[in-house]
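J.: Okay, handing you the structure first.
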Amino acid sequence: MKNQKRKRKNRNLKIRLNKFISLCGITSRRKADELIKQGRVTVNGEIVEKLGIKVDPEKDIVELDGKRITYGKNFIYIALYKPKGYIVSLRDPFNRPKIIDLLSDLKERVFPVGRLDYDSEGILLLTNDGELAYRLTHPRYKIERIYRVEVKGVPGPEKLEKLERGIPLYGRRTAPSKVKLIAKKGKRALLEIKLYEGRKRQVKLMFLAIGHPVLKLKRISYGGITIKGLKPGEWRYLTENEIEILNKKVGLLS
């Protein structure tokens, strides 16, 4: 497989510390703030004690757990067809199969963009580009996710309209979505749903809310990247064109 890498240029002199950590491919900005709160980040040898400070990537020395963080590294981007029976995690105390097990020949450290349940399958993006990963999962950027869903029973038009308008979930209504019935299979139905956010177990909870539990779930597209050409457990590097499209969708490229 051809390794597609990209180096993002430093366009600003000073940036927030959490964004700097994210741009270095360590983790998301939110989780970077947690590292700072834990006292694990130093700037020019001094432990950072408050959030919101800015650093100059070309002059300041930033370290995490005593190791310097390098700005402007090469990023890699991967599309994986996650099979059922794998957890979207790099570690598991119960020793269940992990997605990282499918990337054993990959030398670089990457982390997943979003999640897929243990018993779900489909496209999963992985990268060490923390800023892009953060934006792809943030609801502000309305990145589309398309799922093929098999449910118990056959929901009528009123129920599908209810899904599209939004379902109360975790204290707030889900964003508007698009749903279409693809086929009826006796007492089951196959549907396609397009979401623009990614809350925990969202698809399953939305269909459960209208009385049609999910039996099978497959994500066939994330931000326009599909599982086409991949079999369960296979992965590939994204093309330069795909990387550029994703960056444009989240405002990192004009």
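The values are calculated or read from the model by the stated rules, or taken from the named source; none is laboratory data. Quantities reported herein were computed from a predicted structural model and do not represent experimental measurements. In this analysis, Cβ positions are derived from the backbone assuming ideal geometry, glycine residues included, and neighbour counts consider all displayed protein chains.
J.: In segment 105-121, is there at least one residue being part of a helix (DSSP H, G or I), β-branched (Val, Ile, Thr) and crowded, with 16+ Cβ neighbours inside 10 Å?
T.: No, there is no match, as no residue in segment 105-121 is part of a helix (DSSP H, G or I), β-branched (Val, Ile, Thr) and crowded, with 16+ Cβ neighbours inside 10 Å.
J.: For segment 146-158, check the following and say yes or no: at least one residue is modelled with pLDDT of 95 or more, β-branched (Val, Ile, Thr) and within 30 Å of Leu253 (Cβ to Cβ).
T.: yes
J.: Out of Lys194, Lys248, Lys218, report the one residue that is under 23 Å from Leu136 (Cα atoms), of a type outside the set (A, V, I, L, M, F, W, C), modelled with pLDDT under 95 and not in a loop (DSSP other than H, G, I, E, B).
T.: Lys248
J.: Asp119 passes all but one of (1) in the same structural domain as Lys204 (by TED's automatic domain parsing); (2) more than 30 Å from Ile21 (Cβ to Cβ); which number fails?
T.: (1)
J.: Next question, about the same structure. Which members of segment 139-184 meet the condition of being in a loop (DSSP other than H, G, I, E, B) and under 24 Å from the mean Cα position of the chain (by Cα)? Working first, answer last.
T.: Initial filter on segment 139-184 (in a loop (DSSP other than H, G, I, E, B)): 142-144, 153-156, 166-167, 170-171, 174-177.
Lys142, Ile143, Glu144, Gly166, Ile167, Tyr170, Gly171, Thr174, Ala175, Pro176, Ser177 - these are the residues of segment 139-184 that are in a loop (DSSP other than H, G, I, E, B) and under 24 Å from the mean Cα position of the chain (by Cα).
J.: With the structure loaded, tell me whether Leu136 is in contact (Cβ under 8 Å) with a residue 12 or more places away in the chain, touching a strand residue (DSSP E or B) at 6+ places or on another chain (Cβ under 6 Å) and not in a loop (DSSP other than H, G, I, E, B) or whether it fails that test.
T.: no
J.: Cβ-Cβ below 6 Å, separation at least six or inter-chain, first residue in segment 224-246 and closer than 18 Å to Leu103 by Cβ, second surrounded by 16 or more Cβ atoms within 10 Å (Cβ to Cβ) and polar (S, T, N, Q): which pairs?
T.: Qualifying pairs under 6 Å: Tyr237/Gln4; Leu238/Gln4.
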